[in-house]
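What follows is a short report on a single structure.
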Ligand code: NFS
């Protein structure tokens with residue numbers, strides 16, 4: 001394939017990113033965007049047609065009837081490759097959950113410096129779900145029991161992982177019948193690796209069944225545990241004002257960017273940055289203080305709880321360094337580019353690794369330990385402050401956007417009904433009436449093979465016009481934030497009339513930011529609560545809802561896609577399919593794709609498809625929503641019935657003379 005070099009405008013839809021990419025070219029510094037041009041994807045591997053699971057290969061199955069040296073068919077190879085990717089994704093999310101559980105245990109036993117249990121109500125609610133006694137007990141005692149229960153989920157060998165009881169009853173029964181309820185989180189990941197080893201499971205359908213079990217161990221296991229404990233330790237998110245994009249970096253302050261995924265360290269860095277001793281240290285170095293910001297899901301974690309600004313999503317990690325204004329980029333786990341070290345060598349930026357699991361050659365390693373977290377956080381900040389004097393010329397784009405994140409499922413429940421009558425009833429009613437046509441979750445990564453943020457925001461805006469309420473997480477949420485879609489008043493004129501009325505009445509943005517990627521479990525909880533509320537069927541697959549990952553790239557995204565599918569959702573991924581095969585060359589190489597679409601739909605009511613064209617994504621999303629509405633015997637979507645209440649009605653009334661207004665409002669005669 002000929003190398004094609006794109007322009008900065010083709011690389012990214014975000015003007016701040018474009019500005020930095022122009023600068024990168026001036027400076028002759030390469031980024032992921034440039035490397036993507038230099039490195040076209042292998043068309044055999046990207047289609048799932050290469051097997052390198054043993055030393056007889058790699059085998060490339062590019063012709064009809066070809067098999068691997070061991071005889072493995074294209075279908076077996078594709079199913080194996082996909083399952084391995086899902087195992088890696090499930091492992092990443094779940095290991096994050098495990099670390100959170102260890103932190104909770106340490107906090108409960110007074111062994112974690114600086115942490116407290118911030119949300120006792122959530123601790124009690126979660127513990128009670130599992131029958132842990134709560135009455136008359138101290139939060140630490142309850143937390144200790146919950147930590148033990150959660151830690152046990154990883155190594156459990158038989159039975160069912162505990163959080164599975166939080167799914168709708170009918171769904172649990174279906175999983176039971178299909179034999180996909182995870183027994184223990186680690187066990188499913190290990191078995192996925194075992195089954196896909198040379199000479200093991202060679203029935204694609206059977207391999208995929210275990211992919212589902214491994215993904216469920218993530219969604220209803222490791223990730224759910226991670227979200228629960230983050231809320232218990234750091235507070236359940238509620239709406240808060242924040243900012244997003246590279247313009248949140250400050251000329252007059254020491255800029256520390258936290259990047260990665262786990263909130264344990266970043267929350268402590270937030271606390272340390274506000275410590276008078278650290279502020280004084282920064283002032284002595286000639287700065288006004290320490291300005292923290294985040295990249296990727298760590299950004300989401302501290303944005304939605306503390307209002308700490310997000311410097312950007314996945315593809316902005318290198319661009320932040322290009323500003324020349326970052327004293328330290330502090331990374332923990334996942335989605336961290338090795339290229340950061342190389343790019344930082346052109347500037348004064350220090351890359352600081354902190355996880356015992358992640359080191360990068362050339363980076364400074366300051367290991368995080370939850371037992372002395374505040375001390376470590378202060379040490380990291382001192383390194384950053386000491387580096388302030390080495391700052392050279394800076395180029396911070398003057399581009400940032402306000403947003404309101406923090407829509408946890410607890411808050412959505414509250415906002416729809418208040419403290420005493422919180423409920424999902426108004427949401428269900430709005431869907432049933434057709435005011436809201438359906439719900440879509442737009443989640444997942446950026447991918448430098450497509451224009452950064454474009455697919456996320458194009459699909460989002462088009463669905464909003466069609467009265468589809470959006471929930472977002474991960475880098476997709478940051479993409480919408482940068483465009484200003486996460487503000488109550490922003491862009492409502494471009495939103496369909498029914499959805500607009502709901503947003504104006506409840507006072508919410510049409511796009512609800514629900515957190516990081518492990519927080520996709522909040523979406524599972526919302527869907528379950530919608531089922532329990534009644535009126536939209538008795539299982540998740542009956543709700544008019546779709547999940548989309550338009551710019552996916554990580555194995556974690558595949559795991560998320562599959563657990564959402566198995567929970568009953570129609571899941572659409574953009575970009576390329578890792579199981580596409582080359583139908584023109586290998587006649588039956590679409591079997592795995594068909595199993596994931598029609599096959600899974602027959603079993604789970606959800607399906608997973610790869611659709612590169614955004615207009616086709618939108619078409620399929622709306623068709624699915626309408627199909628589900630019809631099955632529920634709801635009125636067909638008709639936007640002409642709405643738009644006469646909410647702010648538009650208020651404005652209409654305000655324009656009337658007083659007497660006429662009174663007549664309209666109170667039936668008084670004019
Ligand atoms: Ni999700 Fe969050 Fe972003 Fe993709 Fe990476 S940060 S866990 S994997 S790139 S959305």
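Condition first: assigned to a helix (DSSP H, G or I) and under 18 Å from residue 230 (Cβ atoms). Can you find one or more residues in segment 306-320 that meet it?
Quick first cut of segment 306-320, residues assigned to a helix (DSSP H, G or I) only: 306, 314-320.
Those left that are additionally under 18 Å from residue 230 (Cβ atoms): 306.
Yes, because at least one residue in segment 306-320 is assigned to a helix (DSSP H, G or I) and under 18 Å from residue 230 (Cβ atoms).
Per this entry, residue 645 is not counted among residues that are in a helix (DSSP H, G or I) and either at pLDDT 80 or above or out of contact with any strand residue (DSSP E or B) (no Cβ under 6 Å at 6 or more places or on another chain) (or both).
Within segment 250-263, one or more residues are in contact with a strand residue (DSSP E or B) (Cβ under 8 Å, 6 or more places away or on another chain), surrounded by 19 or more Cβ atoms within 10 Å (Cβ to Cβ) and at positive phi. Take residue 285 and tell me if it is out of contact with any strand residue (DSSP E or B) (no Cβ under 6 Å at 6 or more places or on another chain) and outside the structural domain of residue 227 (by TED's automatic domain parsing). Yes; evaluated as a whole, the condition is true for this residue.
Looking only at segment 252-265, count every residue that is modelled with pLDDT of 95 or more and closer than 27 Å to residue 353 by Cβ and tell me the total.
The initial filter retains those residues of segment 252-265 that are modelled with pLDDT of 95 or more, namely 252-261.
Those still in the list that are closer than 27 Å to residue 353 by Cβ too: 253-261.
Selection size over segment 252-265: 9.
Among the residues of segment 346-375, not one is in contact with a strand residue (DSSP E or B) (Cβ under 9 Å, 6 or more places away or on another chain) and in a helix (DSSP H, G or I). Mind counting the residues in segment 217-236 that are more than 11 Å from residue 263 (Cβ to Cβ) and assigned to a loop (DSSP other than H, G, I, E, B)? Of the residues in that region, 1 qualify. Only residues that are touching a strand residue (DSSP E or B) at 6+ places or on another chain (Cβ under 8 Å) and not in a loop (DSSP other than H, G, I, E, B) were counted across segment 391-415, and they come to 5.
Total residues in segment 535-566 satisfying the condition of being assigned to a helix (DSSP H, G or I), surrounded by fewer than 24 Cβ atoms within 10 Å (Cβ to Cβ) and either within 12 Å of the ligand (Cβ to nearest atom) or modelled with pLDDT under 95 (or both): the figure is 1. Of all the listed residues (312, 286, 294), the sole one being surrounded by fewer than 24 Cβ atoms within 10 Å (Cβ to Cβ) and either more than 11 Å from the ligand (Cβ to nearest atom) or closer than 26 Å to residue 23 by Cβ (or both) is 286.
Criterion first (away from the ligand (no atom under 16 Å from the Cβ), in contact (Cβ under 8 Å) with a residue 12 or more places away in the chain and part of a helix (DSSP H, G or I)) does residue 501 satisfy it? Yes; evaluated as a whole, the condition is true for this residue.
Test residue 333 against the stated conditions and say whether it is in contact with a helix residue (DSSP H, G or I) (Cβ under 6 Å, 6 or more places away or on another chain), within 16 Å of the ligand (Cβ to nearest atom) and closer than 25 Å to residue 99 by Cα.
Values: in contact with a helix residue (DSSP H, G or I) (Cβ under 6 Å, 6 or more places away or on another chain): no; within 16 Å of the ligand (Cβ to nearest atom): yes; closer than 25 Å to residue 99 by Cα: yes.
No; evaluated as a whole, the condition is false for this residue.
For segment 213-251, the set of residues classified as within 14 Å of the ligand (Cβ to nearest atom) and modelled with pLDDT under 95 is empty. Can residue 240 be described as surrounded by fewer than 24 Cβ atoms within 10 Å (Cβ to Cβ) and in contact (Cβ under 8 Å) with a residue 60 or more places away in the chain? Here the answer is yes, as residue 240 does meet what is asked. A single entry from 488, 460 fulfils the requirement of being buried (at least 19 other Cβ atoms within 10 Å of the Cβ), assigned by TED's automatic domain parsing to the domain that holds residue 615 and within 26 Å of residue 543 (Cα to Cα): 460. Condition first: within 16 Å of the ligand (Cβ to nearest atom) and either assigned to a helix (DSSP H, G or I) or not assigned by TED's automatic domain parsing to the domain that holds residue 501 (or both). Can you find one or more residues in segment 432-454 that meet it? Within segment 432-454, one or more residues are within 16 Å of the ligand (Cβ to nearest atom) and either assigned to a helix (DSSP H, G or I) or not assigned by TED's automatic domain parsing to the domain that holds residue 501 (or both).
Would segment 568-575 turn up any residue that is modelled with pLDDT under 95 and within 29 Å of residue 451 (Cβ to Cβ)? Yes, there is a match, as at least one residue in segment 568-575 is modelled with pLDDT under 95 and within 29 Å of residue 451 (Cβ to Cβ).
Quick test for you: out of 189, 270, 212, pick the one residue that is closer than 30 Å to residue 113 by Cβ and touching a helix residue (DSSP H, G or I) at 6+ places or on another chain (Cβ under 7 Å).
Details: 189 fails: closer than 30 Å to residue 113 by Cβ; 212 fails: closer than 30 Å to residue 113 by Cβ.
Selected residue: 270, the only one of 189, 270, 212 that is closer than 30 Å to residue 113 by Cβ and touching a helix residue (DSSP H, G or I) at 6+ places or on another chain (Cβ under 7 Å).
So residue 279 fits all but one of (1) within 13 Å of the ligand (Cβ to nearest atom); (2) in a helix (DSSP H, G or I); what number is the exception? Exception for residue 279: condition (1).
Could you say which residue among 207, 151, 198 is surrounded by fewer than 20 Cβ atoms within 10 Å (Cβ to Cβ) and in a helix (DSSP H, G or I)? Give the steps one after another, and end with the answer.
Working: 207 fails: surrounded by fewer than 20 Cβ atoms within 10 Å (Cβ to Cβ); 198 fails: in a helix (DSSP H, G or I).
Sole residue among the options that is surrounded by fewer than 20 Cβ atoms within 10 Å (Cβ to Cβ) and in a helix (DSSP H, G or I): 151.
Just one of the numbered conditions (1) more than 14 Å from the ligand (Cβ to nearest atom); (2) surrounded by 24 or more Cβ atoms within 10 Å (Cβ to Cβ) is not true of residue 363: (2).
To keep it simple, each residue is scored yes or no on (1) away from the ligand (no atom under 16 Å from the Cβ); (2) in contact with a strand residue (DSSP E or B) (Cβ under 9 Å, 6 or more places away or on another chain).
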| residue | (1), (2) |
| --- | --- |
| 519 | no, yes |
| 526 | yes, yes |
| 533 | yes, no |
| 573 | no, yes |
| 592 | yes, no |
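Only residues that are modelled with pLDDT of 85 or more, in contact with a strand residue (DSSP E or B) (Cβ under 9 Å, 6 or more places away or on another chain) and outside any helix (DSSP H, G or I) were counted in segment 475-498, giving 6.
Which residue, of 272, 339, is within 16 Å of the ligand (Cβ to nearest atom), closer than 19 Å to residue 365 by Cα, at pLDDT 95 or above and over 17 Å from the mean Cα position of the chain (by Cα)?
Numbers: 272 fails: within 16 Å of the ligand (Cβ to nearest atom).
When all the criteria are applied, what remains is 339.
The values are calculated or read from the model by the stated rules, or taken from the named source; none is laboratory data. Computed from a predicted model, the values in this text were never measured in an experiment. Note: ideal-geometry Cβ built from the backbone for every residue, glycine included; neighbour counts use all protein chains shown.
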